[in-house]
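To keep things clear, I will list the structure first and then write my remarks on it.
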Amino acid sequence: MLKKMMSYAASLASRGLSNAKAEPDVKKLRMISCFGGIEGIPPCPYLQTSRINKSRKYCGKCGCGDKMGTWLLGEGDEYGKLDYPHLTCPVNMPGFSNYDPNFVNDEIRSRKQAIEDLDPDNIALVDLTIKSTQ
């Protein structure tokens, strides 16, 4: 629990008073790590659809739950979880502050390898926003 609280505090501090955001290329890599959708990479098996707002997704592995502040993407200029400059992933995926190429989770081994092998030009094509469905 203490580790989660420290990670959350680090994320909040990285946002600062000016609502700093992760660099676009970092956010794109995080989006691929969570949502897949490029070069046949499937979504993360821990990705969950919000019961509160069906157009939103959250991480079911990190333990933060389903609430507005934990939704991965915001609509338009809304601040989403993937926007934090410092953000950890419970399975150490590419794009996250705790990314570790040596960490191996057998359930996602092939996904992680496929993301690590992506051509940077393809990563640049990822759209950084979600469209409103309401």
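Tell me the net charge near Cys34. Cut-off is 10 Å between Cβ atoms, Cys34 excluded, with +1 for each Lys or Arg and -1 for each Asp or Glu. Walk me through the numbers before you get to the answer.
Details: positive: Arg30, Lys57, Lys81; negative: none.
In short, +3.
Taking only Cα atoms and a 10 Å spring cutoff, compute GNM fluctuations for the chain and point out the largest among Asp121, Asp100, Asp66. With Cα springs under 10 Å in the chain, the top fluctuation among Asp121, Asp100, Asp66 is at Asp121.
What's the FRET efficiency of Ala9 with Asn105 using the Cβ-Cβ distance as r and R₀ = 41 Å, to the nearest 0.05?
Numbers: r = 25 Å, r/R0 = 0.61.
The value I calculate is 0.95.
Inverting the mean 1/r over all pairs of different Cα atoms, compute the Kirkwood radius of segment 11-134 and quote it in Å. Mind dumping the intermediate values first?
Numbers: mean 1/r = 0.0677 Å⁻¹.
After inverting the mean inverse Cα-Cα distance, the result is 14.8 Å.
Phi angles across segment 40-46 convert, under the Karplus curve 6.51 cos²θ - 1.76 cosθ + 1.60 with θ = phi - 60°, into 3J(HN,Hα) values of x, 6, x, x, 4, x, 8 Hz, Gly and Pro given as x.
Here each label is just a point 7 Å from Cα along the line to Cβ, and for Leu17 and Gln113 those points are 4.9 nm apart. Cross-link pairs exceeding 22 Å in C-alpha to C-alpha distance, out of Lys3/Lys67; Lys21/Lys112; Lys54/Lys112, comprise Lys21/Lys112; Lys54/Lys112.
Shown for Phe35, Phe96, Phe103: other C-beta atoms within 10 Å of each C-beta, ranked fewest to most, produce the order Phe103, Phe35, Phe96.
Dipole magnitude of segment 1-122 about its Cα centre, charges +1 at Lys/Arg Cβ and -1 at Asp/Glu Cβ only, in debye to the nearest 20?
Values: 17 positive and 15 negative charges, 136 e Å.
Computed charge dipole of segment 1-122: roughly 660 debye.
Result for the chain in a Gaussian network model with C-alpha springs under 10 Å: among Val91, Val26, Val104, the largest mean-square fluctuation is at Val104.
Each reported figure results from applying straightforward, stated rules to the coordinates on display, with no laboratory input. None of these values were measured; they are calculated from a predicted model. We place every Cβ from the backbone using ideal geometry, glycine too, and count neighbours over all the protein chains shown.
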